[in-house]
Amino acid sequence: MHHNLYAHNPAVNKGYVVDDAVELRRLCSRYNVKLAFTRHINAQNIMDPQETTPTTEVVTSSFCSNDQGYGVVRVHSRHITYVRRNFDMTRYLTDQEKENYTLEHFHKYLKDLQLGSISADMMQSELNKIHSSQAHQVLIKHHPEYRLYLEILYDTTSHSNLQVKIRY
């Protein structure tokens, strides 16, 4: 489903959780739904079952996010696994395409584009010109409520939000 079953981020969640989430979680409990895939926040995050709801929710990142993340799902006889991967197109570029800075550094380009979009949405035109880690620090300084969202958005290190195993 598109909207989220759970609130994944205390700073950014209004309008992201499905309107009838309480009823949907009740149905998930009633029918013992173990796994749900959603994506509305466009940032990779995995939440374990909450309270009486047995559902693990995997929020998948957008392929147009800075590292072009995608998920690999494997269905086994007694469990399902999900592992997040990222796509690196540079090895598929021709020699001529490798001369194009944007194509050769496509993940940086996407990250810069996203930082520019976030800053434009917040109407801070001075941030539109900044496309480095300094922009992230300025954004957090002026709008600390976006700190957690940006950590989730750009944190693709090996941590528990990148894979999950659901037993059934």
In order through the range 50-62: 3J(HN,Hα) via Karplus (6.51 cos²θ - 1.76 cosθ + 1.60), integer Hz, x for Gly, Pro: 10, 6, 8, 8, x, 8, 7, 10, 9, 9, 8, 6, 7
Relative contact order of the range 1-96, defined on C-alpha pairs under 8 angstrom at six or more residues apart (%): 20
Least to most buried among GLU51, GLU57 (fewest other Cβ within 10 Å first): GLU51, GLU57
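Values quoted throughout were computed directly from the atomic coordinates according to the rules given, and no laboratory measurement underlies them. Just so you know, these numbers come straight off a predicted model, no measurement behind them. Glycine also receives a Cβ, built like all others from the backbone with ideal geometry; neighbour counts cover every protein chain displayed.
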